[in-house]
């Protein structure tokens, strides 16, 4: 059987691009997401285009019960996951924390932190048993560099940053690599979600410079996953050339 990658949040943005990149390398895929119609369409696309095996799991990573029930139904063959990419995540709102929505806070914390933990806690033992595997967590420059309106989203991604470091230590004796990709400004559905569907506001975020696109992050994920077994890429901070940190941009 081909190598296997498990990608959460695979229905759009980074997740979809990562799925396409690994499929192009003839990896078999386990794809998770909340939008079944998109999952089904992506599964068909990847099978038709690359002739790989694809398993899709339609659930919300915020639910431990759903994570457990869906992943535990995988056959022994499909549990031989070589790479786990914890991509499911989102940002909501740009208000000051005193004006922020507690509902949005909970959604970000439950998705960005708890979802990553739930999935990793289930999948990591499968890797430990085989004494190999790679976990790639999708973080953000927001987890390393504060900016106005970043508050809870930034805190959730700072947690991803620290969890990545701690997971690497915990899994070190088991031959499992753990790394993070922390993108800067990237034009995906991310900003549309953040601005509650306001496409005009989302587009304005990238006005005057060339942002990253999803395939840029997919290439980084593939690079991390494809290193020789003795090489672990701990942390990749990837920015558009026009961005120096979370708040410094050169715009035309």
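Read-outs throughout are calculated quantities, based only on the coordinates presented, and are distinct from any laboratory measurement. Because the structure is a prediction, the values reported are computed rather than measured. Heads up, the Cβs are rebuilt from the backbone with ideal geometry, glycines too, and the neighbour counts pull from every protein chain shown.
Given the rule -39500 (n - 2.57) for each run of at least 4 DSSP H residues, summed and divided by the residues of the chain, what is its mean residue ellipticity at 222 nm, to the nearest 500 deg cm²/dmol?
Working: 9 runs with 101 residues, N = 252.
The helix contribution divided over the chain gives -12000 deg cm²/dmol.
Using a Förster radius of 35 Å, what is the FRET efficiency between residue 44 and residue 98 based on their Cβ-Cβ separation? Nearest 0.05, please.
Efficiency at R0 = 35 Å is approximately 0.15.
Distance from the Cα centre of region 157-214 to that of region 63-92, in angstrom?
Comparing the Cα centres of region 157-214 and region 63-92, I get a distance of 19 Å.
Which residue, 74, 163, 46, tops the fluctuation ranking in a GNM of the chain built on C-alpha contacts under 10 Å?
So, out of 74, 163, 46, the one fluctuating most is 74.
Suppose R0 equals 41 Å; then what is the FRET efficiency for residue 241 and residue 76 from their Cβ-Cβ distance, rounded to the nearest 0.05? Please list the in-between numbers first.
On the way: r = 46 Å, r/R0 = 1.12.
It comes out at approximately 0.35.
Sort 188-194, 133-139, 203-209 for me by packing, meaning the mean count of neighbouring Cβ atoms within 10 Å per residue, highest on top.
For the peptides 188-194, 133-139, 203-209, the packing ranking is 133-139, 188-194, 203-209.
With everything on Cα atoms, drop me the angle between helix 13-24 and the longest principal axis of the chain, reported from 0 to 90° to the nearest 10.
30
Below 8 Å, C-alpha to C-alpha, sequence gap of six or more: please give me the relative contact order for region 7-121 in percent. Show your work: numbers first, answer last.
On the way: 149 pairs, mean separation 30.0, N = 115.
Worked out over region 7-121, it gives 26 percent.
Pop the C-beta distance of residue 210 and residue 25 into the FRET formula with R0 = 30 Å and round what comes out to the nearest 0.05.
Numbers: r = 27 Å, r/R0 = 0.89.
For residue 210 and residue 25, the calculated efficiency is 0.70.
Taking the Cα atoms only, what angle lies between the long axis of helix 116-130 and the longest principal axis of the chain, rounded to 10 degrees?
30
Quick check of the Kirkwood formula: for region 205-250, what is the inverse mean of 1/r over all pairs of different Cα atoms, in Å?
One decimal place: 12.4 Å for the Kirkwood radius.
Taking only Cα atoms, what is the 0 to 90° angle, nearest 10, from helix 214-225's long axis to the longest principal axis of the chain?
Once rounded, the angle reads 40 degrees.
Where the centroid of each part is defined by its Cα atoms, how far is region 118-151 from region 2-19 in Å?
The distance from the Cα centre of region 118-151 to that of region 2-19 comes to 14 Å.
Please work out the Kirkwood hydrodynamic radius for region 4-238, using every pair of different C-alpha atoms, and report it in angstroms with one decimal place.
Evaluated on region 4-238, it is 17.9 Å.
Antiparallel versus total DSSP beta bridges in the chain: what percent is that, nearest 5?
Percent antiparallel among DSSP bridges in the chain is about 5.
Just want to confirm a number: the relative contact order over the chain, from Cα pairs under 8 angstrom separated by 6+ residues, in percent.
Normalised by residue count, the contact order of the chain is 19 percent.
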